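Asker: Have a look at the structure that comes next, please.
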Amino acid sequence: MQCFDFQRERKLRVNSTLRSMLSENVLRPEHLIKPLFIHLENSCELLPQLPNSMVFSLNGLLSHIEYLMKKGIRGVNLYPKIPTVEKDNLATQALNPEGVIPQAIKLIKANFPECLILPDVALDPYTSHGHDGILDKNGNILNDDSVEIMAKQSIIFADAGADMLAPSDMFDGRTRSIRLALDAAGHHYVGIIAYAAKYASAFYNPFRAALGNSALKKLDKRSYQIEPSSSRQALDKILIDLNEGADIVMIKPAGHYLDIVAKARQMTNKPIAVFQVSGECAMIKIAAEAGLIDEHNAVYEQLISMRRAGADLIFTYYADLLF
Ligand code: PBG
């Protein structure tokens, strides 16, 4: 047998037909979920830091979903923008059945029954302090009271027609409480996509600004979100959420946490989602606007890396760029 001292491995890459035949991962529009912000005003408000994102009116929301559906993007993750005067310490508006999110869910379901509706479940858009739950007089999270409110919020969204709920808070026991509440209300087939490994990240600020919490740049959520240096805590939390009844687990942010995605992929056969968060998208957009990188190529490379690491679904403000 002849022994080669080197291999001409480039034979596999010499033309585009071979390259595409041998490509190992694909990105299709149905892998992508677009996060959308909605308010009860009549106008749409541009969010210049985020690609193709606005705070939509209910009418504007419908035309944007029509445009997404035409591109093959069939899932939306909904966030409310609540006027500052309506926010309070107890997140009262979170339980308003006539609030912006229940209204939006009903409208989308009536007009686009094939669109998968995944509302965010957490209290931060509704609290004056910007935390995901309610606080005691010393400023500590009241874990179980917050979870109880989120379970009620989940039922309001499921009653309105949500397909899956996306709790993004990281409080203990929320997945189990939401599952029990859904089943008790007869919503046996409404699923839970649990933000299981959500890190305390510096990359959430453009999102907080979009919700009107720009004054809260230094908001400290480290008592519930995971410390970026940890991986075992993240994997442990994924197992806990799966045991509590999560149907899909989320890792967030995406780009800097692909090691966690790859490990989670080895650990569970359940679907995995990642969230390319506001700051990750803003960095690409601003670098592209400065002429430093090619936006399409950069976004494709990031999204296909998430698929390569093992993600089934990707939540991204860039959902509509490539298709
Ligand atoms: C909080 C929440 C956050 C995001 C979605 N839901 C951030 C936070 O913890 O303040 C971030 C999304 C993004 O940055 O795109 N429930």
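The values are calculated or read from the model by the stated rules, or taken from the named source; none is laboratory data. No experiment lies behind these values; they were computed from the predicted model shown. No Cβ is skipped: glycine too gets one built from the backbone with ideal geometry, and neighbour counts run over all protein chains shown. The area values use the complete protein model at the heavy-atom level, side chains included, leaving out ligands, DNA and RNA. Shrake-Rupley method; radii C 1.70, N 1.55, O 1.52, S 1.80 Å.
Asker: Classify the chain: rounded, prolate or oblate, from the alpha-carbon gyration tensor (a ≥ b ≥ c, eigenvalue square roots; a/c under 1.5 rounded; otherwise prolate if a/b is larger than b/c)?
Answerer: Judged from the Cα gyration tensor, the chain comes out prolate (a/c at least 1.5, a/b above b/c).
Asker: Here's something else I'd like to know. Multiplying the sequence separation of ARG19 and ALA287 by 0.36 nm and subtracting their Cα-Cα distance, what value in nm do you get? Display every interim value, and only then the final one.
Answerer: Working: separation 268, 0.36 × 268 = 96.48 nm, distance 2.83 nm.
Residue separation times 0.36 nm, minus the Cα-Cα distance, leaves 93.6 nm.
Asker: Amide H to amide H, which residues 5 or more places from GLY75 or on other chains are under 5 Å from it, using H placed in the peptide plane?
Answerer: LYS34, LEU116
Asker: Between rounded, prolate and oblate, where does region 172-236 land on the alpha carbon gyration tensor, with a ≥ b ≥ c its root eigenvalues, rounded for a/c under 1.5, else prolate if a/b exceeds b/c?
Answerer: Values: a/c = 2.98, a/b = 1.56, b/c = 1.91.
It is oblate, given that a/c is not under 1.5 and a/b is not larger than b/c.
Asker: Rounded, prolate or oblate: pick one for region 205-278, where a ≥ b ≥ c are the square roots of the eigenvalues of its C-alpha gyration tensor, a/c under 1.5 means rounded, and failing that, prolate if a/b is larger than b/c, else oblate.
Answerer: Values: a/c = 2.03, a/b = 1.94, b/c = 1.05.
Prolate.
Asker: Another question, then. Give me a comma-separated list of calculated 3J(HN,Hα) values for region 231-244, in order, Karplus coefficients 6.51, -1.76, 1.60 applied at θ = phi - 60°, integers in Hz, x for any Gly or Pro.
Answerer: 10, 5, 4, 5, 5, 4, 5, 4, 5, 4, 5, 5, 5, 7
Asker: Okay, next question. Return the whole-Å distance between the Cα centroid of region 150-195 and the Cα centroid of region 289-323.
Answerer: 29 Å
Asker: Let me ask you something else. Need one value: the accessible area of CYS44 in square angstrom, 1.4 angstrom probe, rounded to the nearest 10.
Answerer: 60 Å²
Asker: Would you work out what percent of the accessible area of region 94-222, with all protein chains in place, is carbon or sulfur (probe 1.4 Å)? If you can, show how the numbers build up before the last one.
Answerer: Values: 2640 of 5060 Å².
Carbon-and-sulfur percentage of accessible area, whole number: 52.
Asker: With θ taken as phi - 60° and the coefficients 6.51, -1.76 and 1.60, list the Karplus ³J(HN,Hα) couplings across region 27-36 in order, rounded to whole Hz; mark glycine and proline as x.
Answerer: Values per residue, Gly and Pro as x: 10, 10, x, 6, 7, 10, 10, 9, x, 10 Hz.
Asker: Counting pairs of alpha carbon atoms under 8 Å apart in space and at least six apart in sequence, what relative contact order in percent does the chain give? Before the final figure, lay out the partial values.
Answerer: Working: 585 pairs, mean separation 58.9, N = 323.
Relative contact order, the chain: 18 percent.
Asker: May I ask what percent, to the nearest 5, of DSSP beta bridges between residues of the chain are antiparallel? Each step should come with its number before you reach the end.
Answerer: Numbers: 3 of 35 bridges.
Restricted to the chain, the bridges split so that about 10 percent are antiparallel.
Asker: Moving on. Considering only protein heavy atoms and a 1.4 Å probe, what is the carbon-and-sulfur percentage of the accessible area of region 239-283?
Answerer: Values: 880 of 1660 Å².
With neighbouring chains kept in place, the figure for region 239-283 is 53 percent.
Asker: Per residue, how much accessible surface does the chain expose to a 1.4 Å probe? Answer in Å², no decimals.
Answerer: Numbers: 15480 Å² over 323 residues.
It amounts to 48 Å² per residue over the chain.
Asker: Taking loop as defined by DSSP and a crowding limit of 16 other beta carbons within 10 Å, which trypsin sites (Lys or Arg not before Pro) in region 219-293 fit?
Answerer: Working: sites: LYS221, ARG222, ARG232, LYS237, LYS263, ARG265, LYS285; in loops: LYS221, ARG222.
Answer by residue number: ARG222.
Asker: Need one value: the accessible area of PHE203 in square angstrom, 1.4 angstrom probe, rounded to the nearest 10.
Answerer: 60 Å²
Asker: Relative to the first principal axis of the alpha-carbon coordinates of the chain, what is the inclination of helix 174-184, with its axis defined by its Cα atoms, in degrees from 0 to 90 and to the nearest 10?
Answerer: The answer is roughly 70 degrees.
Asker: Also: How do SER16, SER146, SER223 stack up against each other in accessible area, from largest to smallest, with a 1.4 angstrom probe?
Answerer: Details: SER16 75, SER146 0, SER223 105 Å².
Ranking SER16, SER146, SER223 by accessible area, largest first, yields SER223, SER16, SER146.
Asker: Return the sequence-ordered ³J(HN,Hα) values of region 116-133 in whole Hz as given by the Karplus equation 6.51 cos²θ - 1.76 cosθ + 1.60 applied to θ = phi - 60°, using x for Gly and Pro.
Answerer: 7, 9, 10, x, 5, 10, 4, 9, 4, x, 10, 9, 5, 8, x, 7, 6, x
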